[in-house]
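> Take this structure, written in C-alpha coordinates, and hold onto it; I'll ask about it next.
The values are calculated or read from the model by the stated rules, or taken from the named source; none is laboratory data. What you see is a predicted model, and the numbers here were worked out from it, not measured in a lab. Here the Cβ positions follow ideal geometry from the backbone for every residue, glycine too, while neighbour counts run over all protein chains shown. These accessible areas exclude ligands, DNA and RNA; they are computed on the full protein's heavy atoms, side chains included. Shrake-Rupley method; radii C 1.70, N 1.55, O 1.52, S 1.80 Å.
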Amino acid sequence: RVLFRSGDMGNGRGTSWADFDGDGDLDLFVTNNGQANKLYQNPLGAASPTLLVKPLTAAGAPSIFAAVKLATADGTLVALRTLDGGSGFCSQNEYGAHFAGLAPNTVYTVTVHDPSGSFSTTWSTASAAAQVHALALSDLA
(Lines give C-alpha, C1' and ligand atoms only; values in the text may rest on other atoms or scores of the structure.)
Protein backbone atom coordinates (compact mmCIF):
# COMPACT_ATOMS: atom_id res chain seq x y z
CA ARG A 1 0.00 0.00 0.00
CA VAL A 2 1.51 3.33 -1.06
CA LEU A 3 0.95 6.08 1.49
CA PHE A 4 2.92 8.82 -0.23
CA ARG A 5 3.94 9.60 -3.81
CA SER A 6 6.41 12.41 -4.25
CA GLY A 7 6.52 12.66 -8.02
CA ASP A 8 10.32 12.79 -7.68
CA MET A 9 11.77 10.71 -10.49
CA GLY A 10 15.36 11.64 -9.62
CA ASN A 11 18.24 9.22 -9.40
CA GLY A 12 18.21 8.94 -5.61
CA ARG A 13 21.62 8.26 -4.06
CA GLY A 14 21.19 8.91 -0.38
CA THR A 15 18.77 9.88 2.35
CA SER A 16 18.88 11.58 5.69
CA TRP A 17 16.23 11.69 8.39
CA ALA A 18 16.40 14.75 10.64
CA ASP A 19 14.18 17.37 12.24
CA PHE A 20 15.19 20.07 9.73
CA ASP A 21 12.51 22.56 10.79
CA GLY A 22 12.77 21.99 14.57
CA ASP A 23 9.11 21.08 15.07
CA GLY A 24 9.73 17.69 16.71
CA ASP A 25 9.01 15.35 13.82
CA LEU A 26 11.47 13.83 11.36
CA ASP A 27 11.77 15.21 7.84
CA LEU A 28 13.41 13.43 4.88
CA PHE A 29 16.21 14.77 2.67
CA VAL A 30 16.98 12.86 -0.55
CA THR A 31 20.16 13.41 -2.57
CA ASN A 32 19.83 12.85 -6.31
CA ASN A 33 22.58 12.25 -8.86
CA GLY A 34 22.46 14.86 -11.61
CA GLN A 35 19.16 16.36 -10.46
CA ALA A 36 18.09 18.69 -7.67
CA ASN A 37 18.06 17.25 -4.17
CA LYS A 38 14.70 17.15 -2.38
CA LEU A 39 13.61 18.01 1.16
CA TYR A 40 10.33 16.44 2.24
CA GLN A 41 9.08 18.24 5.32
CA ASN A 42 6.69 16.39 7.57
CA PRO A 43 3.89 18.96 8.05
CA LEU A 44 2.29 17.27 11.05
CA GLY A 45 4.57 18.70 13.74
CA ALA A 46 4.98 17.10 17.12
CA ALA A 47 1.56 16.26 18.52
CA SER A 48 3.11 15.17 21.81
CA PRO A 49 6.37 15.77 23.70
CA THR A 50 9.54 14.81 21.84
CA LEU A 51 12.98 14.14 23.30
CA LEU A 52 16.28 14.39 21.42
CA VAL A 53 19.28 12.99 23.32
CA LYS A 54 22.73 13.95 22.01
CA PRO A 55 25.35 12.04 24.01
CA LEU A 56 28.86 13.48 24.17
CA THR A 57 32.08 11.78 25.21
CA ALA A 58 34.06 13.04 28.20
CA ALA A 59 36.09 15.12 25.70
CA GLY A 60 32.91 16.79 24.38
CA ALA A 61 32.78 14.96 21.01
CA PRO A 62 29.65 13.18 19.74
CA SER A 63 29.53 9.63 21.05
CA ILE A 64 28.99 7.73 17.81
CA PHE A 65 28.97 4.37 19.59
CA ALA A 66 26.34 5.20 22.23
CA ALA A 67 23.13 3.39 23.00
CA VAL A 68 20.30 5.44 24.51
CA LYS A 69 17.53 3.72 26.43
CA LEU A 70 14.26 5.41 27.38
CA ALA A 71 12.09 3.76 30.02
CA THR A 72 9.19 4.77 32.21
CA ALA A 73 9.93 5.42 35.89
CA ASP A 74 8.80 1.86 36.72
CA GLY A 75 11.42 0.42 34.33
CA THR A 76 9.20 -0.41 31.35
CA LEU A 77 11.26 -0.05 28.17
CA VAL A 78 9.83 2.58 25.82
CA ALA A 79 12.53 2.57 23.14
CA LEU A 80 16.22 1.93 22.49
CA ARG A 81 18.30 3.88 19.97
CA THR A 82 21.85 3.20 18.84
CA LEU A 83 24.07 5.86 17.29
CA ASP A 84 26.60 5.23 14.56
CA GLY A 85 29.14 7.13 12.52
CA GLY A 86 27.40 6.79 9.18
CA SER A 87 24.22 5.66 7.53
CA GLY A 88 25.36 4.44 4.12
CA PHE A 89 26.37 5.76 0.73
CA CYS A 90 25.76 9.53 0.52
CA SER A 91 23.66 9.33 3.68
CA GLN A 92 23.94 10.61 7.22
CA ASN A 93 21.11 10.90 9.71
CA GLU A 94 20.85 13.66 12.27
CA TYR A 95 23.08 12.99 15.27
CA GLY A 96 21.11 12.05 18.33
CA ALA A 97 18.49 9.66 19.62
CA HIS A 98 15.02 10.90 18.66
CA PHE A 99 12.03 9.81 20.78
CA ALA A 100 8.62 11.10 19.63
CA GLY A 101 5.06 10.44 20.71
CA LEU A 102 5.82 10.52 24.42
CA ALA A 103 3.05 10.57 26.99
CA PRO A 104 2.42 13.94 28.65
CA ASN A 105 2.99 14.36 32.39
CA THR A 106 5.16 11.23 32.57
CA VAL A 107 8.52 10.64 34.25
CA TYR A 108 11.07 8.76 32.13
CA THR A 109 14.51 7.35 32.86
CA VAL A 110 17.13 8.13 30.20
CA THR A 111 20.19 5.88 30.22
CA VAL A 112 23.18 6.38 27.93
CA HIS A 113 25.75 3.62 27.47
CA ASP A 114 28.93 4.46 25.59
CA PRO A 115 32.54 3.25 25.68
CA SER A 116 33.43 5.78 28.39
CA GLY A 117 30.71 4.55 30.75
CA SER A 118 27.02 4.66 31.52
CA PHE A 119 24.98 7.64 32.66
CA SER A 120 21.36 7.85 33.82
CA THR A 121 18.96 10.60 34.73
CA THR A 122 15.24 11.13 35.05
CA TRP A 123 13.38 13.39 32.68
CA SER A 124 9.74 14.44 32.72
CA THR A 125 7.26 15.61 30.12
CA ALA A 126 6.18 18.44 32.37
CA SER A 127 3.03 19.37 30.47
CA ALA A 128 0.64 18.00 27.91
CA ALA A 129 1.88 20.53 25.36
CA ALA A 130 3.87 19.32 22.38
CA GLN A 131 7.45 20.34 23.02
CA VAL A 132 10.87 19.43 21.71
CA HIS A 133 13.50 18.93 24.40
CA ALA A 134 17.23 18.39 23.93
CA LEU A 135 19.29 16.56 26.54
CA ALA A 136 23.09 16.48 26.31
CA LEU A 137 25.32 13.94 28.02
CA SER A 138 26.71 16.73 30.19
CA ASP A 139 23.22 16.91 31.73
CA LEU A 140 23.56 13.25 32.73
CA ALA A 141 26.97 13.41 34.41
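> Could you please let me know if Gly14 is at pLDDT 75 or above, small (Gly, Ala, Ser) and open to solvent by less than 70 Å² (accessible area, probe 1.4 Å)?
So Gly14 fits the description; yes.
> Okay, moving on. Of the residues that make up region 24-37, is at least one open to solvent by less than 80 Å² (accessible area, probe 1.4 Å), at pLDDT 70 or above and among the charged types (D, E, K, R)?
yes
> Based on this model, can you work out whether Ala130 counts as surrounded by 16 or more Cβ atoms within 10 Å (Cβ to Cβ), farther than 20 Å from Ser16 by Cα, among the small types (Gly, Ala, Ser) and modelled with pLDDT under 75? Steps first, please.
On the way: surrounded by 16 or more Cβ atoms within 10 Å (Cβ to Cβ): yes; farther than 20 Å from Ser16 by Cα: yes; among the small types (Gly, Ala, Ser): yes; modelled with pLDDT under 75: yes.
Here the answer is yes, as Ala130 does meet what is asked.
> On to the next question. Taking only region 18-58 into account, find how many residues are free of Cβ contacts under 8 Å to residues at least 24 places away in the same chain and outside any loop (DSSP other than H, G, I, E, B).
Total meeting the criteria: 5.
> Here is a follow-up. Of the conditions (1) modelled with pLDDT under 80; (2) open to solvent by 70 Å² or more (accessible area, probe 1.4 Å), Leu80 clears all except one; give me its number.
Every listed condition holds for Leu80 apart from (1).
Okay, residues lined up against (1) modelled with pLDDT of 80 or more; (2) among the aromatic types (Phe, Trp, Tyr); (3) under 16 Å from the mean Cα position of the chain (by Cα); (4) at negative phi:
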residue: Gly85; (1), (2), (3), (4): no, no, yes, yes
residue: Ser91; (1), (2), (3), (4): no, no, yes, yes
residue: Glu94; (1), (2), (3), (4): no, no, yes, yes
residue: Ala97; (1), (2), (3), (4): yes, no, yes, yes
residue: Thr106; (1), (2), (3), (4): yes, no, no, yes
residue: Val112; (1), (2), (3), (4): yes, no, yes, yes
residue: Ser116; (1), (2), (3), (4): no, no, no, yes
residue: Thr125; (1), (2), (3), (4): no, no, no, yes
